[in-house]
Every structure is written in C-alpha cells, then in structure tokens.
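A quick write-up on the structure given underneath.
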Amino acid sequence: MEVIETRAQLKQWRGKVHGSVGFVPTMGALHEGHLSLVRRSLAENPWTVVSIFVNPRQFGPQEDYHRYPRTLETDLRLLQNLGVSASFVPSVEEMYSSEDEAYISLTRLSRLWCGSYRLGHFDGVALVLTKLFHLVMPARAYFGEKDFQQVRIVEKMVEELFFPLEVVRVPTVREPDGLAMSSRNMYLSPSGRAQAIALYKVLQYIQTLVPKTGLVSDLLREGEAYLRERFPEVRLEYLAIVDEYSLQPIEHLRQSSHPRALIAAYVEGVRLIDNLPLIYPEESE
Ligand code: PAF
C-alpha cells in the first residue's frame, strides 16, 4: 500500500492507474464499519483509495476536533492487511490554504436534523468531499448508512454538481448488542456504553409498534416515553420519522414508500446517532 501525503504525490499515483478506483473517505480511528466499506470497494474495483483526514471544517467551535481519536499507525496497518492500494493522509495545510474562500452548501438537506444542531457541519463535509473527489477521481465512493443524512447529502451533491461517480451505500455495522459502530463510542465509560444501546433499542421499539399504528405522532410519543423510562440518563436531541429521500418529516407512514426513523442523543456528553428503515405492512392501519 502506498501511503500518500501530498496532492502532488496523489496526482502522480492517480495518473498511473487504469481501471475503476473505489474511494473510502474516513476520519480514521477505523472500526468494522469502515472496514466493511473498504471490503466492498475492494470487491468492486481493481483499485481502492482510503483517505484519513480529520476535517477541521466539519467541527463546530465547541465540538471534539482536538480530542477526536487519532490512531494512524493502527489504521494504516489494518488497511495494508486488507490489501488497499493507497491511503491518502494529508495534513490540514495540504487540504486548506489560509486564503480558501470556497464554500459548498446544500441549502435544504444540510440544514435539517443534525445540520440544525451542528451548524455548518454538512457544509464542511461537502467542501472536503468536493476536494477529495477532485483529487482521487473515483468511479465509486462508499459511505455508511449510519450517517444517513450525510449519505443523502453526498448523493444530492454528486447529482447536482455532476461528479462522475457512483455513491454506494453500505449498511450499518453493529456491535453484537445492536449499538451502531462509531469512532465516538471510544469515549464512553462501561456504564455509558450500556446506556448507548438506547438509540437502537428505541428504533426497534418503534418498529414493533408499527403494525398497530402508522401515525407518526403516536410512534414518536411512545418512543420518547420508552427512552425516558428505560434510559433516563440518555439526553435526546431529536427523534424523527421522515421520508428517506427528502428527509422531510411525515405524519403517517403511508405517506412515504421508504419511511425511516432517525435519532440523535447524548450519552455522557457524547453525541451519538442512529437510524432504521421502518417496514410498514400494507394492511396496517
Ligand atoms: O463520515 C466521515 O467520517 C466524514 O464525515 C467524511 C465523509 C470522511 C468527511 O470528512
């Protein structure tokens, strides 16, 4: 595996390879979720590039940019063992100049849900991915469904800005108890870790109610009550049921062919997210 640090080296490498390049953008601290993206790319492309870059532009001033886990050596070893062709590990200066003025924003999708609590977050994601897509020129880019809003934003950005690549969604990888894998899980103490399962549990609980009602206000009220009673230490940021294409809230599950429940919550001050597609049987009321 080539470990590439500069844009110039990447350009040189990219000029030499022929055939489709699969791209997995990451912020490092790699876990099984990332590795499932890498494996999928390796299976679908003769070349796979993984970037590791903790992107300062997608963190708010009060967020965890400085303490975000950085485990570069272990990450590179994992990627090498999987058979990745090249990793791109640029410095902040390599990706942003002090004179940068560029700004990419999806004005609607980026401001909903997580975007309304993490102001500017998705604009930072869109900017860094624009830069990375131009540098790597992948045929396919791989994203985990755990960050569902991010996936939809990238799909829309690729469509609207005519990036010549396919966005591939890869299902969320979960711990045996259901907790969605995330680099931020590392921040949790054992008791926080036990509480963190609340996110997936409440999504599953909502799914169990669906045969009885498709009315979203009922599902959300029951879901919130479940969280309050079973997981009092979890601080809910939002719980929503949306159409998974537009990410707009719906009032009844029958309004969407693909309804999805989204959740963001804090456990021991750590912000966690998860989501689940809801299966709504035709005959349900
Ligand atoms: O999902 C992430 O890790 C980041 O948002 C991404 C896509 C690598 C952009 O920095």
inquiry  = For segment 134-166, which positions are within 11 Å of the ligand (Cβ to nearest atom) and over 12 Å from the mean Cα position of the chain (by Cα)?
reply    = A141
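Is one or more of the residues making up segment 218-227 open to solvent by 30 Å² or more (accessible area, probe 1.4 Å), more than 22 Å from G144 (Cβ to Cβ) and touching a strand residue (DSSP E or B) at 6+ places or on another chain (Cβ under 7 Å)?
Let us first name the residues in segment 218-227 that are open to solvent by 30 Å² or more (accessible area, probe 1.4 Å), namely 218, 220-222, 224.
Next, only the ones that are more than 22 Å from G144 (Cβ to Cβ) stay: 218, 220-222, 224.
Remaining after also requiring touching a strand residue (DSSP E or B) at 6+ places or on another chain (Cβ under 7 Å): 220, 224.
Yes, the conditions are met somewhere in segment 218-227.
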Among residues of segment 241-267, those that are open to solvent by 60 Å² or more (accessible area, probe 1.4 Å) and in a strand (DSSP E or B), counted = 1
Verdict on S41 being polar (S, T, N, Q), crowded, with 19+ Cβ neighbours inside 10 Å and within 17 Å of the chain's Cα centre (by Cα) = yes
request  = Looking only at segment 4-19, decide whether some residue is modelled with pLDDT of 95 or more and within 13 Å of the ligand (Cβ to nearest atom).
outcome  = no
Every residue from segment 167-195 that is open to solvent by 30 Å² or more (accessible area, probe 1.4 Å), under 13 Å from E32 (Cα atoms) and more than 16 Å from the ligand (Cβ to nearest atom) = R174, E175, P176
ask   = Counting only residues that are touching a Ser or Thr at 6+ places or on another chain (Cβ under 9 Å), buried (at least 16 other Cβ atoms within 10 Å of the Cβ) and at negative phi, how many does segment 6-30 have?
value = 9
Tabulated pairs, segment 249-262, first within 20 Å of Y200 (Cβ to Cβ), second of a type in the set (D, E) and not in a strand (DSSP E or B), C-beta under 8 angstrom, 6+ apart or interchain = H258/E244; P259/E244; R260/E244
message = Going through R169, R152 one at a time, which residue ends up being basic (K, R) and without any contact (Cβ under 8 Å) to a residue 60 or more places away in the chain?
response = R169
ask   = What residue, of V234, V210, V270, is surrounded by 17 or more Cβ atoms within 10 Å (Cβ to Cβ), modelled with pLDDT of 95 or more, in contact with a Lys or Arg (Cβ under 6 Å, 6 or more places away or on another chain) and not charged (D, E, K, R)?
value = V270
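Where residues in segment 113-133 are within 14 Å of the ligand (Cβ to nearest atom) and among the small types (G, A, S), which of them is most open to solvent (accessible area, probe 1.4 Å)?
The qualifying residue most open to solvent (accessible area, probe 1.4 Å) is G120.
Going by the structure shown, is T48 surrounded by 14 or more Cβ atoms within 10 Å (Cβ to Cβ), more than 11 Å from the ligand (Cβ to nearest atom) and within 17 Å of S182 (Cβ to Cβ)? Walk me through how you get there before you give the answer.
Details: surrounded by 14 or more Cβ atoms within 10 Å (Cβ to Cβ): yes; more than 11 Å from the ligand (Cβ to nearest atom): yes; within 17 Å of S182 (Cβ to Cβ): no.
So T48 does not fit the description; no.
The values are calculated or read from the model by the stated rules, or taken from the named source; none is laboratory data. Owing to the predicted nature of the structure, the values given are computational and were not obtained by experimental measurement. Every residue, glycine among them, receives a Cβ derived from its backbone with ideal geometry; neighbour counts consider all protein chains shown. SASA here: full protein model, heavy atoms, side chains in, ligands and nucleic acids out. Shrake-Rupley method; radii C 1.70, N 1.55, O 1.52, S 1.80 Å.
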